[in-house]
Amino acid sequence: MRVEIWSDVACPWCYIGKARFEQGLQAFDHKDDVEVVFRSFELDPQRAKGDTVQVLPMLASKYGMSLEQAKQAEARVAANAADAGLGYLAEGRDHGNTFDIHRVLHFAKTRGKQNELLDLAYAANFAEERSVFDDERVVELAVQAGLDETEVRAVLADATAFAADVRADEQEAQALGANGVPFFVLDRKFGVSGGQPAEVFTQALQEAWAAQTPALKVVGEAAPDGAVCGPDGCEIP
């Protein structure tokens with residue numbers, strides 16, 4: 001079974017939702033038969049590269065809140081992150097364009113390191129004071145994930161590298177009706193929206209597994225008139 005997860009490194013509920021999904025997956029009997037693929041989604045695609053802002057003023061402006069209300073909202077998110085076993089800085093973080101990070105994540109996928117880099121990027125953005133919206137920081141995280149530094153720098157230097165992959169993911173999300181993230185798609189049959197509790201993911205996985213086409217049951221193999229032909233010839237009745 002394949003699970004596709006649309007998410008953005010700048011999305012706190014994607015960070016929390018990934019941890020909760022993984023907890024739910026661990027309780028699923030067929031977890032070893034689940035392939036997880038991460039898809040790109042930008043929360044702020046219009047923001048220019050290098051244009052970073054502090055999260056609290058950004059939230060206050062975006063949602064029409066006071067700074068104190070923004071602090072309280074972030075504190076509630078931090079409590080949810082802690083419940084999922086994650087670190088979270090409720091103040092002092094910045095926000096920026098994630099397009100280049102998504103491009104490098106697609107490159108990481110070609111090297112089998114996408115999940116490792118995504119975990120590092122989430123932790124860097126939400127639990128560490130140093131900004132993740134900086135090429136040097138992205139290179140550092142990519143190398144830490146096991147990627148080749150020269151190759152990562154080449155991807156960042158070429159604005160077209162993996163850009164089509166990011167755009168294709170975003171267009172597919174739109175076609176599926178995903179207007180927000182995280183968005184989980186199970187075998188292209190079931191969708192789960194938001195950073196749901198772990199047990200919700202376990203239940204969704206069980207339902208998706210049960211809905212799979214059952215294995216073909218062959219009847220009459222032992223019947224005397226059930227002769228067949230194969231690579232070595234035909235049975236003689």
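The values are calculated or read from the model by the stated rules, or taken from the named source; none is laboratory data. The model shown is predicted, which means the values in this text are computed figures rather than measured ones. Using ideal geometry, Cβ is built from the backbone for each residue, glycine included, and neighbour counts are taken over all protein chains shown. Calculation scope for accessible area: heavy atoms of the full protein, side chains included, ligands and nucleic acids excluded. Shrake-Rupley method; radii C 1.70, N 1.55, O 1.52, S 1.80 Å.
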Selection from region 129-177 of residues that are surrounded by fewer than 19 Cβ atoms within 10 Å (Cβ to Cβ), outside any helix (DSSP H, G or I) and without any contact (Cβ under 8 Å) to a residue 40 or more places away in the chain:
130, 134, 146, 148, 158, 159, 160, 177
For residue 73, state whether it is closer than 16 Å to residue 5 by Cβ and assigned to a helix (DSSP H, G or I).
no
Cβ pairs under 7 Å, 6+ apart or interchain, first in region 94-112 and acidic (Asp, Glu), second part of a helix (DSSP H, G or I), ordered by first then second residue, are 94/55; 100/138; 100/156
Output the residues belonging to region 85-110 that are crowded, with 19+ Cβ neighbours inside 10 Å and farther than 30 Å from residue 168 by Cα.
86, 88, 90
Filter region 184-210 for residues that are part of a strand (DSSP E or B) and open to solvent by 30 Å² or more (accessible area, probe 1.4 Å) and give the result.
190, 191, 193
List the number of the failed condition for residue 36; all other conditions in (1) surrounded by 20 or more Cβ atoms within 10 Å (Cβ to Cβ); (2) in contact with a strand residue (DSSP E or B) (Cβ under 7 Å, 6 or more places away or on another chain) hold.
(1)
